[in-house]
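Before any comments, here is the structure.
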Amino acid sequence: MISIRPFALCVGLALVGFSAALAADNELTAEEKAAGWKLLFNGKDHEGWICNTQKPIATPVEDGCLVPFKSGGYIIMYDKQKFGDFTLKCDVKMGDDQCNSGIFYRVGAPRNPVYSGFEAQVENSKEPGLHSFGAIYDLVAPTQQTHKGPGEWNHVELTCKGPLMSVKVNGEEITTMNCDDFPERGKRPDGSRHKFFSAIKEMPREGYIGFQDHGHPVYFKNVKILELKPQ
């Protein structure tokens, strides 16, 4: 008879090793720590975070999540440091069918994030567009929609290096942009108008990171950043 105990032991050890490679919510894995990732949100309180109005965030941390909705600001932002070249990753869950939020980055003027920074859109959209989930808002539309619906978690990864930007949603790169392709003030490369008053090529390439309150419940956790060497 062949004993199943050695097999079971091997399986058990493999599972233990696999679990060790993972981290609980709002913690870094051993691999992330070794690679230089930084945890921006501790899952317990608002340490490092504030409204863009410089007031404390009114909405409490909920089930280990940052909640921008009714926070008292247009965005809640990590104000301890500006970031230029980086990869940011986080998990986001939309609270309802009408959800509209965004991940703001390279925000130069916190009281005016809409025009001084960029936004990776979070919205319960159906078709790709300039304002759909994963769009670099009002500048570049995603090639496809890979997000899950309200009540489900989506993993978003945003990378900026020099003029280059990309957005991944649930492992798929769906949006890319080169700021140098936008040399004219207020215009996209095809000549159509966008919301910004300046040429995208000339916008600052570092700033604050934040999450938008646009009037709907939305939840963020596992907010991590890896700073990259300048382009």
- Task: Kindly identify the chain as rounded, prolate or oblate by the Cα gyration tensor criterion: order the square roots of the eigenvalues as a ≥ b ≥ c, call it rounded if a/c is under 1.5, otherwise compare a/b with b/c, prolate if a/b is larger, else oblate.
- Result: prolate
- Can you tell me the relative contact order of the range 25-227? Whole percent, Cα pairs under 8 Å, sequence separation 6 or more. 30 percent
- Message: Let's see if you can work this out: charge +1 on each Lys and Arg Cβ, -1 on each Asp and Glu Cβ, no other charges. What is the dipole magnitude of the range 25-227 about its Cα centre, in debye to the nearest 20?
- Response: 580 debye
- Query: Can you list residues whose amide H is under 5 Å from GLY162's amide H, if they're 5+ apart or on another chain and H is modeled 1.01 Å from N?
  - Reply: GLN231
- Query: Fully extended, how many nm does the chain gain between LYS33 and ASP96 (0.36 nm per residue separation, minus their Cα-Cα distance)?
  - Reply: 19.3 nm
- Query: Gain in length, GLU173 to LYS55, computed as 0.36 nm per residue apart minus the alpha-carbon separation, to one decimal in nm?
  - Reply: 39.0 nm
- Query: Over 21 Å between Cα atoms, which of LYS89/LYS161; LYS82/LYS148; LYS201/LYS221 qualify?
  - Reply: LYS82/LYS148; LYS201/LYS221
- Starting with the highest mean, order 34-44, 66-76, 169-179 by the number of other Cβ atoms within 10 Å, averaged over the residues of each peptide. 66-76, 169-179, 34-44
- Dimensions in Å of the range 84-142 - Rg and Dmax from alpha carbons: 11.9, 33
- Note on the structure: Taking Cα pairs closer than 8 Å and at least 6 residues apart, the relative contact order of the range 32-147 in percent is 14 percent
- Which whole-number percentage describes the relative contact order of the range 177-221, with Cα contacts under 8 Å and a sequence gap of 6 or more? 30 percent
- Note on the structure: The answer for the net charge of residues other than SER192 whose Cβ lies under 14 angstrom from its Cβ, with Lys and Arg +1 and Asp and Glu -1, is +1
- Query: Per-residue ellipticity at 222 nm for the chain, helices alone: DSSP H runs ≥ 4 residues times -39500 (n - 2.57), over residue total, nearest 500 deg cm²/dmol?
  - Reply: -3500 deg cm²/dmol
- Message: If I stretch the segment between ASP25 and LEU228 completely, what's the gain in nm (0.36 nm per residue apart, minus their alpha carbon distance), one decimal?
- Response: 70.7 nm
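Every read-out reported here was derived from the displayed coordinates using simple, explicitly stated rules and does not represent laboratory data. Worth saying up front: this structure is predicted, and the values here are computed from it rather than measured. Because the Cβ atoms are built from the backbone with ideal geometry, glycine has one as well, and the counts that use them run over all protein chains shown.
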